Amino acid sequence: MKNGEYLNNISSYLKRKMEILFIKNPEKTSLGVLFGIILHSILEIFKTVLKGYEYVIDLSRLTMLELIIFGVFIFNISSILSKKRFPEDIEIVLSLIKDAQTKGKISKIHIKQMYINLFKKVLENIELNDEIKDQIE
């Protein structure tokens, strides 16, 4: 794998993870982004004061992107570390599908159909505002 291709894979992976965080926890993720931007601004303001502590840690080398990633991580750490991703009933169905898949009891096509059906059921239970409902229909 070439270096450019490797970096593209990493960036697309991080983009997908960030999109998941924005969908799963939009408030915490937004606050994390804001925290990273504010932290970067504070570091820029106090850059001259921090110069004296460069021998311990050079905070001026941190980019805004790194600070945003840090902020998003800090604000989403509870979600990242929690094992429960979905409501209990959905977790049960997912574990049953995975169990059937690992034991080879069901074909791949049937498993895909089960995931699609689960996805449709979850979407049916989500209350959407009228504008979005009109767009879907």
Mean-square fluctuation check for the chain, GNM, Cα pairs under 10 Å: which of E66, E124, E88 is largest?
E124
Most mobile of F86, F119, F73 per a Gaussian network model of the chain (Cα springs, under 10 Å)?
F119
Dimensions of segment 1-82 along principal axes (Cα, Å, largest first)?
39, 37, 20
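On alpha-carbon atoms, Rg over Rh for the chain using Kirkwood Rh? Before the final figure, lay out each step's value.
Details: Rg = 21.5 Å, Rh = 19.1 Å.
Across the chain, the Cα-based Rg/Rh ratio is 1.12.
Which helices, counted as full DSSP H runs in the chain, have an axial Cα extent of no less than 27 Å and a Kyte-Doolittle average of -0.5 or above? Provide the component values of the computation, followed by the final result.
Working: long enough: 3-24 (31 Å, -0.40); 26-45 (28 Å, 1.07).
Span-like helices, by this rule, are 3-24, 26-45.
Rounded to the nearest 500 deg cm²/dmol, what is the calculated helix-only ellipticity per residue at 222 nm for the chain, with -39500 (n - 2.57) per DSSP H run of length n ≥ 4?
On the way: 7 runs with 105 residues, N = 137.
Taken over the chain, the calculation gives -25000 deg cm²/dmol.
A short reminder: the numbers here are calculations on the coordinates, not readings from a lab. For clarity, every value in this text was computed on a predicted model and none was experimentally measured.
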